[in-house]
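What follows is a short report on a single structure.
Throughout, read-outs are computed from the coordinates displayed, never taken from laboratory work. Remember, predicted model here, so these are calculated numbers, not experimental data. As a convention, Cβ positions derive from the backbone with ideal geometry for all residues, glycine included, and neighbour counts pool all protein chains shown.
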Amino acid sequence: MVDFDDYFKRQIQLWGKEKQHALKDKRVAIVGCGGLGSSLGFALGSSGIGHIDLVDFDTVSLHNIHRQIALKIEDVGKYKTDILSLSIKKRYDLVNINTYESDFVKFSEKTTSKYDIIFDATDNIKARESIDNYCKSTNTPWVYGTVEQFYGQVCFFDIAVFDKFFKIKQNSPQGITAPMVMLIASFQANLGLRYLTQNKIEKDKIFHFSFDENGLFQSRKFNLGTNI
């Protein structure tokens, strides 16, 4: 049996016992269990959040594994939701996890759960539009994340409307590295955890992270609030 206070000793030092124990009553969903979803699952699954729902229709392909850190070569052909759930439980077995082998639209039509926050770990604009529509209809905040090549973006969506700012409906996949995926997912998880523990965050702002052609790492921020 895991000793709760010992397991979360460093987080308790950060925000105190009351907030750490309050996380046990939080419910979140991770939509997409690939690159971003794997890293989000590791970060959030061992944070003390009590309930996590994993949503993804896809199975593991060999070319997924290098950047989807929950997956192993022997997992090829298995559902990503099942593999991520097992990986999370091996790190912290007191978290309750439900898995849904479904796309988000079908999942949202059936779920009766009320989420404190939803994390986007999908790879296409249409799925994110569906997440935003669902979240607006249920008054649920969500954290957008995208990554490609050597850049990525994160945004905590509160009242800003996603499809007012993202007009590209389709794009061809580009190259990608595991460290950039993990960076973006880590920032998503940090925003979510700060929100769940009632720490201040900036909402409805796009955070853009990138390396330029000279190797300089850049971080920029764009306010969506003026156009809501």
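Using the eigenvalues of the Cα gyration tensor, what equivalent ellipsoid semi-axes result for the chain when each is taken as the square root of five times the eigenvalue, whole Å, largest first?
25, 22, 19
Kirkwood Rh over Cα pairs of the range 1-102 into Stokes-Einstein at 25 °C, 0.890 mPa s: D in µm²/s?
Here the translational diffusion coefficient equals 175 µm²/s.
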| What's the long-distance tail for the range 107-163, i.e. % of Cα pairs beyond 12 Å? | 66
| message | From the helices alone, meaning DSSP H stretches of at least four residues, give me the mean residue ellipticity at 222 nm for the chain, per-run term -39500 (n - 2.57), in deg cm²/dmol to the nearest 500. | response | -10500 deg cm²/dmol
| task | Could I have the simple spin-label model distance between Asn96 and Ser46, label points 7 Å from Cα toward Cβ, reported in nm to one decimal? | result | 2.4
| request: Would you mind checking the pairs Lys89/Lys136; Lys9/Lys89; Lys26/Lys200 and listing those with alpha carbons more than 23 angstrom apart? | output: Lys89/Lys136
| Using alpha-carbon positions, what is the distance between the centroids of the range 1-70 and the range 181-228, in Å? | 19
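Ignoring the sites themselves, what is the longest stretch of the chain with no trypsin sites (Lys or Arg not before Pro) in a DSSP loop and at most 14 other beta-carbon atoms within 10 Å?
Counting at most 14 other Cβ atoms within 10 Å as exposed, the longest clean stretch of the chain is 1-71.
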| query | Between Asp6 and Lys126, what FRET efficiency follows from the Cβ-Cβ distance if R0 is 41 Å, with the result rounded to 0.05? | reply | 0.40
| Contact order normalised by residue count of the chain, Cα under 8 Å, 6+ apart, percent | 19
| task | Express in nm, to one decimal, how much length is gained between Lys114 and Lys89 on full extension, taking 0.36 nm for each residue of separation and deducting their alpha carbon distance. | result | 6.8 nm
| said: Name the residue from Ile118, Asn139, Ser186 whose Cα lies farthest towards the positive end of the charge dipole of the range 4-227, charges +1 on Cβ of Lys and Arg and -1 on Cβ of Asp and Glu. | reply: Asn139
| task | Subtracting the Cα-Cα distance from 0.36 nm times the residue separation, let me have the gained length for Glu202 to Ser61 in nm, one decimal. | result | 47.1 nm
